[in-house]
1. How many residues does region 312-353 contain that are under 24 Å from residue 474 (Cβ atoms) and assigned to a helix (DSSP H, G or I)?
2. Residues that are out of contact with any strand residue (DSSP E or B) (no Cβ under 8 Å at 6 or more places or on another chain) and surrounded by fewer than 18 Cβ atoms within 10 Å (Cβ to Cβ): which strands (runs of 3 or more DSSP E) entirely in region 1-111 hold 3 or more of them?
3. For residue 220, are the conditions met, namely being modelled with pLDDT under 95, touching a helix residue (DSSP H, G or I) at 6+ places or on another chain (Cβ under 9 Å), not in a strand (DSSP E or B) and not assigned by TED's automatic domain parsing to the domain that holds residue 389?
4. Does region 181-188 contain at least one residue that is crowded, with 24+ Cβ neighbours inside 10 Å and within 15 Å of residue 356 (Cα to Cα)?
5. Might you check whether a residue that is in a loop (DSSP other than H, G, I, E, B) and under 25 Å from residue 229 (Cα atoms) occurs anywhere in region 283-298?
6. Among the residues in region 128-151, are any under 30 Å from residue 3 (Cα atoms), more than 24 Å from the chain's Cα centre (by Cα) and outside any helix (DSSP H, G or I)?
7. Quick one: is residue 521 buried (at least 17 other Cβ atoms within 10 Å of the Cβ), in the same structural domain as residue 465 (by TED's automatic domain parsing) and not in a helix (DSSP H, G or I)?
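The values are calculated or read from the model by the stated rules, or taken from the named source; none is laboratory data. Keep in mind the model is a prediction, meaning the values are calculated, not measured. We place every Cβ from the backbone using ideal geometry, glycine too, and count neighbours over all the protein chains shown.
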């Protein structure tokens, strides 16, 4: 790899690569090699396709891309130049795929996406409902390039924004453009990145740091991971632009240790950028120098908080620090030097803003939340995966049009946005605009982009207990409101879900949650009670049923309700008796009944019964399902 000596060298290389990489007359197979597709068999598909093409004497370029989004249907891939989109491809499908696509020039219909066997398949990726309403800015190169090849990134326009900044923009021009675009931090807080950059740039001193937060500890969240795995050079270019703008010399990417593929691809990308002269001293023949390194976190959720992250990089325990001084001020940043910290998605949005302008970015999304946002759509939804949509898209559009609706045709109950510290919103908010301000008004938050869909069989008290158990276990323990308060709230929730709730517990949860929000040191502690407070606000009747009636309407909480057998529906199959490990199900005179002295409410009999004869309280198990229209 030849080192570029000046800006003109980068221009010439781009022109050369644009004519030789991704040509329309070259057959290619863009195979998703994100974590989900790798786990479901992408390596075997690649191996078999290579074997088939070699056997047939055909030449097909296989591009191992990052996450293409539709994780539920992996492994997924796109065949060029035809544009056919294939899903759930197995290694045994390689011969059919190659023969149909590249020899006959027709799609392998069995591998195309369709909602049901009765529907006509969708041939092209853009035809799929999952992709129709998406707009990719942060994920613009995922599914297009091989993240381990810098030539691919340059060929699709990579580093052109950095080239523009070095050749025709001053540092002030760059910061002002980002500020004008009103790029709000995609890590969750939504603070304008431009204001951060300007504040950092104006600080005294010759040493400054640029830091990327790739910790992403939210359960079910994989937005930043997908960018680091699938398009690491977009992150590097965004950090280079920030360093140039605030006159920083050093940078760190903080990545959670559980992301080995992201770390691997980032290291490859950094080495390639150094070898090409895009990182290091006197970049592209200018007086601008910037070095970049990676630091792996040890798995602490609290290290996603900015000051705790700084402490971790410094080799100290990941405790949040009081502010002021801010990270951007002397004494507050890394090793005491002014530092700018943004999350991965925020940096990935910067190159398009510099290249296309702030007005272009502001034309997307809403007035106060411009641009797009990446979401990890998970839970009880048909099409789980990675989604990038313009700000202002409604929850209904994301869940029902892009996500395909609730799994199994069941009725929608709630959606949680913002990760374990986010709020749970009911059906009445399905038409809510998804942006920073709208979510905050109704008691939730954008967070880093987690979105968990829940159906009618979800117990909201149990959901609140689950998320609080996570934040309580991940509390660093530095401040008493978070350390003690979350522990007390979790004790109450566990007692309620065991059927031992007390009348005063509901009001006590409310007061404890509000106290923790007011008294915690860092943002993670302040937002920890959100799942409880939001479910108390929108699903209070479920708490009251648990406490006063000892009843869980979703039949999730063990210990609630008396288990009985309805002998009218019972067909005497004996499956309930076989399933009971405690001998509570008894048989007498051709009837089955449950001995309450031995019943532990484990739900084994309830789950095993094929005819809905086992009842909790006075209600039998029901398998009927509705749906939101």
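1. 6
2. In region 1-111, no matching strands (runs of 3 or more DSSP E) lie anywhere.
3. yes
4. Scanning region 181-188 turns up at least one residue that is crowded, with 24+ Cβ neighbours inside 10 Å and within 15 Å of residue 356 (Cα to Cα).
5. Scanning region 283-298, I find at least one residue that is in a loop (DSSP other than H, G, I, E, B) and under 25 Å from residue 229 (Cα atoms), so the answer is yes.
6. The answer is yes; a qualifying residue exists.
7. When the stated conditions are applied, residue 521 passes them.
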